[in-house]
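Student: Please see the structure below; I have some questions.
The values are calculated or read from the model by the stated rules, or taken from the named source; none is laboratory data. Only a predicted model underlies this, so the values are computations on that prediction, with no experimental measurement involved. Using ideal geometry, Cβ is built from the backbone for each residue, glycine included, and neighbour counts are taken over all protein chains shown.
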């Protein structure tokens, strides 16, 4: 049976890995938001001329990635 200290060490390592993974996801979400709402972005001034249907889909994506 696993000793308590070994279990605690494994849990600490897992928590650390999950915290790092979460930080990466948050950074990605922030970059996605910048691409969608930046100057020229489709949800700002639509310089690339996305259609209404495309912008609606991008809006849904933005809602999903905002934390």
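Student: Limited to segment 16-67, what total is found for residues that are within 14 Å of the chain's Cα centre (by Cα), in a loop (DSSP other than H, G, I, E, B) and at pLDDT 95 or above?
Tutor: Summing the residues that are within 14 Å of the chain's Cα centre (by Cα), in a loop (DSSP other than H, G, I, E, B) and at pLDDT 95 or above in segment 16-67 gives 0.
Student: Keeping to segment 43-59, report how many residues are at positive phi and surrounded by 11 or more Cβ atoms within 10 Å (Cβ to Cβ).
Tutor: The total comes to 1.
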